[in-house]
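Engineer: I'd like to ask some things about the structure below.
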Amino acid sequence: MHSVDTFAIEAGTETLAADRISANGKTQCLFLHGAGSSSRARWLHLRLALAKQGVGSVAIDFSGHGDSSARTPGSLAKRYSEACHALGYVDADEPRVVVGVSMSGEIAVRLAVEASHRISGLVTIVGAAYDPAAFDVAFGPRFTEILRNHESWRRSEIFSAIQSFAGRVTVIQASEDDVVPAAIGGDLVRNAVHAEHVEQLVLTGVGHAVSGVLDSNVGLIDDVASAIARAAHTSAEPAVLAPRQACRNVAAIETPE
């Protein structure tokens, strides 16, 4: 049984609630939740499944979420800064993996491509991308206005930035996602031209709210945990995968409403 050890991180003006789940005495992965009402608690079951596969993790509540403070307005830039603070609590030895969910897909890529962070594995789960004009703008009407510009996400810097990333890339998408365009994941995969290995995992019959499906689905949660473990070099690639890139569809087990 893996324990969940809570602690706090001072990040500028904010105090971030955080926790650590160690596996074999290590924490190799930083887990970043999405927007809205999300928090680190939403991904606890996946992180416990990941720990069973030998990958320990650190997760935070971004400011304004969960148990963290909310003293100043949020923004993508502020999230990036808070994620940088949290990365200091992940073991310094490789492999180091960052997992970004939804809004944090952009943050995870930005973290991974910064060489000084020494990240060897990048995972996005229904990861979003944003117009650079939105990066420093506080969440609110102006931020939303920028996002509503037609396909503004295509201008995101992450598509060119990921071209320099030499680690392992896993892009997890949901076939019924009506929030994040499927093309974002596809463009990340196509641009990861120098990555050691690229895997694209499509969860069929699943919408943007992936965590709720995983929590009720042991088989599916293990599939996703295994994909993250592969990004962390702790699980062998399935035999069906090509040396550098593969795309797999994983069907969700239907659950009663």
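Every number here is computed from the coordinates shown, using simple stated rules; none is lab data. Given the structure is predicted, the values throughout are model-derived calculations rather than measurements. Quick reminder, even Gly has a Cβ in these numbers, built from the backbone with ideal geometry, and neighbours come from all protein chains shown.
Engineer: How long is the chain along each principal axis, judged by its Cα atoms, biggest number first, in Å?
Structural biologist: 47, 44, 41
Engineer: A further question on this structure: Run the simple label-point estimate for HIS208 and ARG190 please: 7 Å along Cα→C-beta, distance reported in nm.
Structural biologist: Calculated label separation equals 2.3 nm.
Engineer: Then there is this: Can you give the relative contact order of segment 5-251 as a percent, counting alpha carbon pairs under 8 Å and 6+ residues apart? Provide the component values of the computation, followed by the final result.
Structural biologist: Numbers: 556 pairs, mean separation 43.5, N = 247.
Taking the mean separation of contacting Cα pairs over the length of segment 5-251, I get 18 percent.
Engineer: Can you report the principal axis dimensions of segment 134-186 using only the alpha carbons, biggest first, rounded to whole angstrom?
Structural biologist: Result, largest extent first: 36, 28, 17 Å.
Engineer: Suppose a student asked you for the relative contact order of segment 1-131, using Cα pairs under 8 Å spaced at least 6 residues apart; what percent would you report?
Structural biologist: Once normalised by length, the contact order is 24 percent.
Engineer: What residue among GLY74, LEU147, SER116 has its Cα farthest toward the positive end of the dipole of segment 5-251, where the charges are +1 on Lys, Arg and -1 on Asp, Glu, each on the Cβ?
Structural biologist: The one lying farthest along the dipole's positive direction is SER116.
Engineer: Could you tell me which of rounded, prolate or oblate describes segment 70-217, using a ≥ b ≥ c as the square roots of the eigenvalues of the alpha-carbon gyration tensor, with rounded for a/c under 1.5 and, failing that, prolate when a/b is larger than b/c and oblate otherwise? Don't skip to the end; give the middle numbers.
Structural biologist: Details: a/c = 1.33, a/b = 1.07, b/c = 1.25.
Here segment 70-217 falls in the rounded category.
Engineer: Let me ask another. What ranking do LEU48, LEU111 get, fewest neighbouring Cβ atoms within 10 angstrom at the top?
Structural biologist: Taking fewest neighbouring Cβ atoms as first place, the list is LEU48, LEU111.
Engineer: Just to be sure I understand: of the beta bridges DSSP finds with both ends in the chain, what percent are antiparallel, rounded to 5?
Structural biologist: Values: 12 of 43 bridges.
Close to 30 percent.
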